[in-house]
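Worksheet for the structure shown next.
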Amino acid sequence: MAGPLTGLRVLDLSRVMAGPWCTQILADMGAEVIKIERPVSGDDTRHWGPPWLEDRDGNETRESAYYLSANRGKHSVTVDMGQPEGQALIRELAAQSDILVENFKRGGLARKGLDYATLEAINPGLIYCSITGFGQTGPMAALAGYDYLIQAQGGLMSITGAADGEPGAGPQRVGMAVADLTTGMNATIAILGALHHRHLTGEGQYIDMALLDVQVSWLANQAQNYFCSGTPPTRTGEYHPNLVPYQPFPTADGEKVIIAIGNDGQFQRFCQAVGRPELAEDPRFATNPERVRHRLELVPIMVEITRSRTAAEWISLLGEIAVPCGPIQNIAQVFDDPQVKAREMKIELESRHGPVPGVANPIKYSRTQLEYRKAPPALGEDTEAVLARLLGKAPAEIAGLRQRGVI
């Protein structure tokens, strides 16, 4: 079975993470993705190492782990977009593409004749997605935006980290480039919506995606907490601001487990299982709103209880009574987790260097399938093949382009 986007072509003018994450998802779903890179240097992330991929003999290559994480399934074509001939090649490819994704600063591609207005005239059905830090409008539209800055300006760091007065207090960034990743995901969603609109009308359209917009939208329930209370949420460290008990707890063997009780029924079952039914009947703890109000009284009681069993014993006991409980795992433990293995969340693709491991796409369809057809490409490995196949360039013409430094 082919992927659900089989037959669609994506022209990928993006680099680093947000755009490439979007186009990798599209590639996994079956789209043909042509990644345009600068000759010689390529995508910035090719140089973001160590760590580097090791070849079959255990020697380091120059393929960075960062680059490999977001570029499988693509065809790498090197084009110098600073040259008029290179710009003409991009316009020829855009004329035969369904989707274009780019993350240049506002106006950067207009000066090259590669903006939406120019390409729409060539290909009215083109879906053109621009990803920037701050969007195409507003006082910061011309500025570059990076994930760390966006996490800070977008409010995420104000609610991440230990609370004031606790050890290690202070704003913290999330350990992943979440603004980039969630922008890539939202860009994918936007493109799929635009594809349906094109299916109905034949019209392409322009999509304006901003990292800051996405980060603000991702505040979700915390933003709503502010809207409803008028008080900005603060850092709460290990505990949840709206649910109790919902945090890590120490165990008899020195490990911590997450106990995430989301309703009163779960709390009642927990209290019965540990021989403390009176806790569920205590007016201070009988309902979640009261538990939130009396968190400082309940948590020490919970700690005394959880220290009586090992982490494995708690996971087993609470699993039997449908009370959410789980371990805090490092990334090595994650990929050794039986559930993660059962869901086949690690894949390997063959490359010229040998196997390239990667994290699988989490989408699982019943009637179509995702396609892991190609390892992340070496810089420019598909240039000649794509120019010949799609644009009909003869070998002599391709050789001339290469001699002139266009490709």
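Looking only at the range 100-118, decide whether some residue is open to solvent by 30 Å² or more (accessible area, probe 1.4 Å), of a type in the set (S, T, N, Q) and without any contact (Cβ under 8 Å) to a residue 60 or more places away in the chain. Looking through the range 100-118, at least one residue is open to solvent by 30 Å² or more (accessible area, probe 1.4 Å), of a type in the set (S, T, N, Q) and without any contact (Cβ under 8 Å) to a residue 60 or more places away in the chain. Annotation: Ala286 fulfils all but one of (1) in contact with an Asp or Glu (Cβ under 8 Å, 6 or more places away or on another chain); (2) part of a helix (DSSP H, G or I); (3) of a type in the set (A, V, I, L, M, F, W, C); the unmet one is (2).
Just so you know, in the range 398-407 the residues that are open to solvent by less than 30 Å² (accessible area, probe 1.4 Å) and in a helix (DSSP H, G or I) include one that is farthest from Leu8 (Cα to Cα), and it is Gly400.
Beta carbons closer than 7 Å, at least 6 apart along the sequence or on distinct chains, pair a first residue in the range 153-170 that is more than 17 Å from Val214 (Cα to Cα) with a second that is among the hydroxyl-bearing types (Ser, Thr, Tyr) and at pLDDT below 95 for Ala163/Thr234; Ala163/Thr236. Counting the residues of the range 263-286 that are on the phi < 0 side of the Ramachandran plot and surrounded by fewer than 14 Cβ atoms within 10 Å (Cβ to Cβ) gives 8. Of the helices (runs of 4 or more DSSP H) that lie entirely inside the range 304-397, those containing 3 or more residues that are modelled with pLDDT of 95 or more, surrounded by fewer than 17 Cβ atoms within 10 Å (Cβ to Cβ) and over 20 Å from the mean Cα position of the chain (by Cα) span 311-320, 338-342, 383-391. Could you tell me whether Gly184 is part of a helix (DSSP H, G or I), surrounded by 15 or more Cβ atoms within 10 Å (Cβ to Cβ) and modelled with pLDDT of 95 or more? So Gly184 passes the test. Total residues in the range 1-23 satisfying the condition of being over 18 Å from Ile90 (Cβ atoms), within 15 Å of the chain's Cα centre (by Cα) and open to solvent by 10 Å² or more (accessible area, probe 1.4 Å): the figure is 3. What are the residues in the range 53-68 that are open to solvent by 50 Å² or more (accessible area, probe 1.4 Å) and of a type in the set (S, T, N, Q), if any? Residue satisfying the conditions is Asn59 alone. Cβ-Cβ contacts under 7 Å between residues 6 or more apart (or on different chains), taken from a first residue in the range 374-388 that is in contact (Cβ under 8 Å) with a residue 12 or more places away in the chain and at negative phi to a second residue that is in a helix (DSSP H, G or I) and among the hydroxyl-bearing types (Ser, Thr, Tyr), are listed as Pro376/Tyr67.
If you check Pro338, Pro324, Pro357 for being in contact with a strand residue (DSSP E or B) (Cβ under 6 Å, 6 or more places away or on another chain) and closer than 30 Å to Asp57 by Cα, only one passes: Pro357. Here is a check on your reading of the model: is Glu92 under 19 Å from Arg389 (Cα atoms), acidic (Asp, Glu) and surrounded by 21 or more Cβ atoms within 10 Å (Cβ to Cβ)? Taking the combined requirement at face value, the residue does not satisfy it. Scanning the range 202-250 for residues that are open to solvent by less than 60 Å² (accessible area, probe 1.4 Å) and part of a strand (DSSP E or B) turns up Ile207, Met209, Ala210, Gln247, Pro248, Phe249, Pro250.
For the range 36-56, the count of residues that are closer than 16 Å to Ile131 by Cβ and in contact with a Cys (Cβ under 8 Å, 6 or more places away or on another chain) is zero. For Asn225, the conditions (1) touching a residue at least 24 places away in the same chain (Cβ under 8 Å); (2) over 17 Å from Thr23 (Cα atoms); (3) not hydrophobic (A, V, I, L, M, F, W, C) all hold with the exception of (1).
The values are calculated or read from the model by the stated rules, or taken from the named source; none is laboratory data. Not measured: the values here are computed from a predicted model. For neighbour counting, all protein chains shown are included, and Cβ atoms are generated from backbone atoms with ideal geometry for every residue, glycine included. Note: areas computed on protein heavy atoms with side chains; ligands, DNA, RNA excluded. Shrake-Rupley method; radii C 1.70, N 1.55, O 1.52, S 1.80 Å.
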